[in-house]
Structures are given as C-alpha cells and as structure tokens.
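This is the structure I want to talk about, given as structure tokens.
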2 protein chains.
Amino acid sequence: MKELKKQKIGFIGLGIMGKPMALNLVKEGYSLSVCDIRPEPVQELAALGATVCDTPRQVARQCQVIITMLPNSPEVRQVALGDNGIIEGARPGTIVVDMSSIAPLASVEIHGKLKEKGIEMLDAPVSGGEPKACEGTLSIMVGGDENIFEQVRELLLVMGSSAVLVGDIGSGNTTKLANQIIVALNIAAMSEAMVLAEKSGVDPEKVYQAIRGGLAGSTVLDAKMPLVLKGNFKPGFRIALHIKDLQNALGTAHELGTPVPLTSLVMEFMQALKTGGKAGDDHGGIIRFYENLAGVEVRSRG
Amino acid sequence: MKELKKQKIGFIGLGIMGKPMALNLVKEGYSLSVCDIRPEPVQELAALGATVCDTPRQVARQCQVIITMLPNSPEVRQVALGDNGIIEGARPGTIVVDMSSIAPLASVEIHGKLKEKGIEMLDAPVSGGEPKACEGTLSIMVGGDENIFEQVRELLLVMGSSAVLVGDIGSGNTTKLANQIIVALNIAAMSEAMVLAEKSGVDPEKVYQAIRGGLAGSTVLDAKMPLVLKGNFKPGFRIALHIKDLQNALGTAHELGTPVPLTSLVMEFMQALKTGGKAGDDHGGIIRFYENLAGVEVRSRG
C-alpha cells in the first residue's frame, strides 16, 4: 500500500468524537475524504481541505483506508453494508477501521461480510471521551489481523496515545465492554458504600481519605468521589452513553451465555435515572439513584 | 493517665490477628495482661512476660487501657458487658479500644453501656489482614472521642502504620464496612467483566493490560487479576470472613434504611461458594462463581 500520507484517508462520522479525531489527522498532514449526515462538521472539514463525499460508497471509491466513528452497531452495519455503503464502493484490499463502540458480535458479522469482497476490517473502539479525542490521547483497543493493524498503526497513534492489539476481530469491542462493565460497577460500588456511610452519619470525605490508599482504592474512586462531594455531575461521560455500552454488554453476555447479574442491576439504576431526566449527567451521577432512595446526599461538609 | 509503657495494657483475643498485634506491643516494650479462651496463645505470650488473666473482668482490674480483638459483635458484647466482663472489673476512666470488625450499631450500643459506668471506648477496626498484623503496618480506622484517641494513638501506631480518626463511636466500623463493600463489589466487577471476555474468546490477560491504566483501573484489579490468571486462590482474605463483614453491612443498611442491592447479590455469590466448599478461598475466588456458571476459566495462556 502507498504511504498513508500520500493517499486519501476516508473518515465517516464526524460527531462529538469523530470530528476532533478527524481534525487531528488533518493537523498531522493527512488528507481526508469525509462524510456525515449533518452538513456542519462536513463543511468545517472541507474548509480545511477535506474532500466532501455524499455517501460511504463514494468515500470507498476514493480511499483504501476508511475510518468509521458512529453511534452504535446498526449505524456501522448501514454504513458498511447498506445501500450506498462502503461495500459497494471499495476495492479488494481496502481497510475499514471501525472506531465506534459497538457489539463485538456485530463487528464479527460485518467483518465477515466485508471479507467476502476482499475488504479488511479492524474494530478499534476508544476510551477517554471527548477531551482525549481533542488532545489525540485516546486509548485504542484493537481487534483483527496483526498485519492489517501494522499498516494503520501510525494513523491510530495520531488519534490516540496508545493502540493495543488485543486479539481477533471483535476483541477491541469486547475489551471496551469489559472496561465499561468495570467502570459502571466500580462507580456503583463507591455509591453503595458512601451512601451507607452518609446515612450512618459519618463524613464521607473522611471515609474516602481513610480507604483510598488500601484495597478499596480505584481510579473511579479518585476520579469521581471529589466530584460527588462537590455535587458536580457535569459530564464527562454521559449516563445515556453508558446505557448504550451496557446494552451491548448485556446483549453480548446473553448471546454467549455468561452471567452479568450486577451489570444488569446497574443498568436498571441508570434507566431509573434516565426516567428521572438525568441521562445527560456524568455517570458519577449513578450515586443519585442511591441518594434518592436513602434520602441523603453525599456532599462535602467543609 | 500514667505513661502507657509504665502500666499494664490489657489484650483480650489472641487469634490470627490479635496474637501478632500483641506480640508487636511486647516487642515494643509494653507489658501486657492477656486473656483468650484458648490456652496456646496465652502461654506463648506468658512466656514473653505477659500476665495471664482468666477473665476480661480480671484484665480490667489490672489495666486502664484494654484492647479487644474478637470475631464479631456478640463476642465483643460478651467480653465487654457479659458475666465476668470488662464492665465488672473496670474503674471509671478505663479506655476500651475495640479493634474487632463488628457492626457499627453494636459499637454504639456497647459504648453507651460502658459509658454509664464511666468507661471510655473507641472502635478501631483494621484492614490489611494477617501479614500486616505481623508487620505492624495495619490501617486503623477509629471512631470515638478525639481526646481519648490522642491518649492511645502511640499504642495504635505500634500495630498499624496509620490510625485515622474518622468520627464518633461506630465510625471506624462504618468505614470498615464501606471499605469491605467496595472491595467485594470491585472483585465482582472484575470477575463479571473478565469472564465475559474469556467467554468471548479474548485473552483476559491482554484485556487486563489494555484497561488497567484507564478508568477501570483499581487496586483490586492489580492485586487480584495476576492471582486469578495463575488460578491462585490461596488466602489472603478468606471468603468466610468477607461474608461476616457483608452480613454486618447488610444488617446495618437494613437498620438505617439505605439500599445495598449489589452487596446483597455478591453476598449470595459468596454463600454459593461457601456451599461449594470454597469459604476458605481468598475473596479473589468470587470469580469462580461466574466461571462455574459460564463454564470457562479465566487463566493465563502464557
């Protein structure tokens, strides 16, 4: 394959995550062919020299490497395999790097269909959210063929500070789901414990300081507890998005036949918060589910 | 009060935790009056110069500061308030430092009864387990009066590397429960996620390496995942003991009226493991509950 900077790179999906990622590629000297259903981000990229395409098919006509950054499995399936999709325009040897967070089994299925036409695919979901997308310091978890991964690694490292190949196609999304399960449950663990402390009349800030250095310590505890104590639930990472990830986790678990009882419960807590109008809150706001039931607030007394 | 090294310090309960704690006090030059229902550890301490007492009452006759390190709330209640208990032998101004992990509401109740006789009490449960008890590097969480705490702080710092006053009587045990809730749930979170990864066919060791540096990172993940990958469930901290702590957490939560749905579920997982003969395993063995249901093992492929 021609050196990546001497060819057009496709970028489909210029949303909250996709746009800053595409901008980082432009900044680094890559020339892009872009496509999105909304005109604004497309025009913004066009003003910086990107070629505007009306369909994923048209992107695929122009590019041997295509990045997709879309909301969920159905959108990726549509863009890759649907009418005017990538599959209609791509030559054999084209590489699709799907950086969306979708169901791992959807990655496997879409990869299978593309592969029949000789099109390669990696699943490469990210963690770090919008701030790290802007900084180009995302953590990228990649599933797929090692040889394909090596061909696009330099491109990934423009958008992320790390890109780790974890296994075959779908493994990136499986890793992302494992990550999102642990994060959701660790937030709920903190919440359950701290609301109990508050309800007991003990200052939760002192409890936090007393336990953070021991076996109960976690990145979640240090990232979220100071915000909870201030009553700051500004996202960060929205409950609505974590609901999407847990939906994929539950679907995957049920399909594979592995139990996820705690994930299932925390999903219910988040659904209750959504019903209460809190889907736009940071996922640290899971604690409000407990606070509402217990009739207390875990806030700083300082 | 007379300098602590110039008086007899009482020590009641010379079990897996109490004995090494008492030995550290002797090593540091304190002279002890000891009591336990089993003769072996009493004789071991006697051989090092400790005075042997037949009852807590007798300990209280000889000591103005008495440490108790007992299995659970009923034992502390018995030793403090029962026949031949501390309350029968202690003079006003005596300080009881209960270092057992018990229900916070039991601490409050026992403190109330002792206080009627002018006897002071702190609840000062520890974390760190047997190894840190032997090293004298326990983390000690203290509830009670600040002035009383100051009088015994030097004594506590012989047994622990830190002693933090978190609030009024019972606060030490509330903090310990919050700690134990978070630890149990973080282990379960790791288990639920990693069994899903394994069942998906992804190498759990690679998933661990990919996510440990991000928001899913935790002390539990770094302490337990390497042991799980080796199939090493040697305690460490036994599931049987964690069951006891969660029993106290559930009891406290129900009495106060605060919800602990995840703790309640993880308690059921641990009960199932106990039924399966695994109560003596390290609490990292919670993952076996999931492994058994999913029919996989999360082990190193290396």
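Assuming R0 = 51 Å, what is the FRET efficiency of A:GLU109 and A:ALA47, from their Cβ-Cβ distance, to the nearest 0.05?
E(calc), rounded to 0.05, equals 0.90.
Using the heavy atoms of the protein chains and a 1.4 angstrom probe, tell me the accessible area per residue for the protein assembly as shown in square angstrom.
On a per-residue basis, the protein assembly as shown sits at 38 Å².
Sequence gap at least 6, Cα distance under 8 Å: using those rules, report the relative contact order of segment B:46-117 to the nearest whole percent. Let's see the in-between values first.
On the way: 96 pairs, mean separation 26.3, N = 72.
Averaging sequence separation for qualifying contacts and normalising by length gives 37 percent for segment B:46-117.
Once you keep just the Cα pairs under 8 angstrom separated by 6 or more residues, what percentage relative contact order results for segment B:175-294? Could you put the intermediate results ahead of the total?
On the way: 114 pairs, mean separation 47.3, N = 120.
That works out to 39 percent.
Follow-up question, since we're still on this one. Apply the Karplus curve 6.51 cos²θ - 1.76 cosθ + 1.60, θ = phi - 60°, to the phi angles in segment A:161-173 and return the couplings in whole Hz, x for Gly and Pro.
Couplings: 8, 8, 9, 10, 7, 9, x, 5, 3, x, 5, x, 5 Hz.
Using a 1.4 Å probe and ignoring any ligands, DNA or RNA, find the accessible area of A:LYS274 and quote it in Å² to the nearest 10.
Taking all protein chains as shown, A:LYS274 has close to 110 Å².
Measure out, as a whole number of angstrom, how far apart the alpha-carbon centroids of segment B:174-232 and segment B:267-283 sit.
18 Å
Long-range amide H contacts for A:PHE11: which residues qualify at under 5 Å (H placed 1.01 Å from N, peptide plane, sequence gap of 5 or more or a different chain)?
A:SER33, A:VAL34, A:CYS35, A:ILE67
Under the convention of a label 7 Å out along Cα→Cβ, give the distances in nm from A:GLY201 to the same position in every other copy, shortest first.
5.8
Separate question: Extension gain A:GLU135-A:ARG153, at 0.36 nm per residue separation less the Cα-Cα distance, in nm?
Extra length available between A:GLU135 and A:ARG153 comes to 4.7 nm.
Could you tell me the total accessible area buried at the B-A interface, probe 1.4 Å, in square angstrom to the nearest hundred?
Working: alone 13770 and 13780 Å², together 22890 Å².
Summed over both sides, the interface buries about 4700 Å².
For labels at A:GLN247 and B:SER161 in the simple 7 Å Cα→Cβ model, what's the distance in nm?
Calculated label separation equals 4.6 nm.
How big is the dipole moment of chain B about its Cα centre under a simple scheme where the beta carbon of each Lys and Arg is +1, that of each Asp and Glu is -1, and everything else is neutral? Debye, nearest 20, please.
With only Lys, Arg, Asp and Glu charged at Cβ, the dipole is about 460 debye.
For segment A:4-169, give the share of DSSP beta bridges that are antiparallel, in percent and rounded to the nearest 5; count only bridges with both residues there.
Expressed as a percentage, antiparallel bridges in segment A:4-169 total about 10.
Tabulate in residue order the Karplus-calculated ³J(HN,Hα) for segment A:143-158, using 6.51 cos²θ - 1.76 cosθ + 1.60 with θ = phi - 60°, rounded to whole Hz; enter x for Gly and Pro.
x, x, 6, 4, 4, 5, 4, 4, 5, 10, 4, 4, 5, 4, 6, 6
Then there is this: On a straight-distance basis, which aspartates and glutamates could pair with A:LYS8 in a cross-link, Cα separation under 20 angstrom, same-chain partners fewer than 8 positions away excluded?
Excluding near neighbours in sequence, the set is A:GLU28, A:ASP36, A:GLU44, A:ASP54, A:GLU88, A:ASP98, A:GLU120, A:GLU150, A:GLU154.
Are there residues in segment A:212-239 whose accessible area shrinks by at least 40 Å² when all protein chains are included rather than the chain by itself, and which are they (probe 1.4 Å, ligands and nucleic acids not counted)?
A:LEU215, A:ALA216, A:THR219
Can you pull out the GluC sites (Glu not before Pro) in segment A:1-45 that DSSP calls coil and that have at most 12 other Cβ atoms within 10 Å?
For GluC sites (Glu not before Pro) across segment A:1-45 that sit outside H, G, I, E and B with at most 12 neighbouring Cβ atoms in 10 Å, the list reads A:GLU3.
Looking at the protein assembly as shown, what % of its DSSP beta bridges pair antiparallel, to the nearest 5?
Close to 15 percent.
Going down the list A:LYS224/A:LYS278; B:LYS206/B:LYS274; A:LYS206/B:LYS274, which pairs span over 26 Å between their C-alpha atoms?
As for pairs spanning more than 26 Å Cα to Cα, those are B:LYS206/B:LYS274; A:LYS206/B:LYS274.
While we're looking at this one, here's another question. Under the definition of Cα pairs under 8 Å and six or more residues apart, what whole-number percent is the relative contact order of chain B?
Details: 561 pairs, mean separation 40.4, N = 302.
Reported relative contact order: 13 percent.
Using r as the Cβ-Cβ distance of B:GLN271 and B:GLU28, and R0 as 51 Å, what FRET efficiency do you calculate, to the nearest 0.05?
0.80
On to the next question. Is it possible to state the helix-based mean residue ellipticity at 222 nm for chain B, with each DSSP H run of 4+ residues giving -39500 (n - 2.57), the sum divided by total residues, to the nearest 500 deg cm²/dmol? What is it? Walk me through the numbers before you get to the answer.
On the way: 14 runs with 160 residues, N = 302.
Dividing the helical sum by the residues of chain B leaves -16000 deg cm²/dmol.
So what does log10 I(q)/I(0) come out to for segment B:4-169 at q = 0.09, 0.10, 0.13, 0.16 Å⁻¹, using the Debye formula with one equal point on every Cα and no solvent?
-0.24, -0.29, -0.51, -0.82
Compute the distance in nm between two label points, each set 7 Å from the Cα along the Cα-to-Cβ direction, one at A:HIS254 and one at B:ALA240.
Between A:HIS254 and B:ALA240, the label points sit 4.0 nm apart.
Work the Kirkwood hydrodynamic radius out for chain A: mean of 1/r over every pair of different alpha-carbon atoms, inverted, in Å.
With all distinct Cα pairs of chain A included, I get 20.4 Å.
Considering the rotation that carries chain A onto chain B, locate the chain A residue whose Cβ comes closest to its axis and report the distance in whole Å.
A:SER218, 2
Give the average over all directions of the projected area of the C-alpha convex hull of the protein assembly as shown, one decimal, in nm². Mind dumping the intermediate values first?
Working: hull surface 115.6 nm².
Computing the convex hull of the Cα atoms and averaging its projections yields 28.9 nm².
If you don't mind, another one. Compute the label-point distances linking A:GLU40 to its equivalents in the other copies; points lie 7 Å from Cα along Cα→Cβ; give nm, one decimal, shortest first.
Here A:GLU40 shows inter-copy label distances of 7.3 nm.
Starting from the 7 Å offset along Cα-to-Cβ, what nm value, one decimal, do you get for the label separation of B:GLU116 and B:ASP83?
2.0 nm
Moving on to the next point. How much of the pair distance distribution for segment A:175-294 lies past 18 Å, counting alpha-carbon pairs only, in percent?
Numbers: 3586 of 7140 pairs.
Roughly 50 percent, once rounded to a whole number.
Can you list, shortest first and in nm, the gaps between the label point of B:LYS6 and those of its counterparts in the other copies, using a point 7 Å from Cα in the C-beta direction?
9.0
The values are calculated or read from the model by the stated rules, or taken from the named source; none is laboratory data. This is a predicted model, so every value here is computed, not measured. No Cβ is skipped: glycine too gets one built from the backbone with ideal geometry, and neighbour counts run over all protein chains shown. For accessibility, only protein heavy atoms count, side chains too; no ligands or nucleic acids. Shrake-Rupley method; radii C 1.70, N 1.55, O 1.52, S 1.80 Å.
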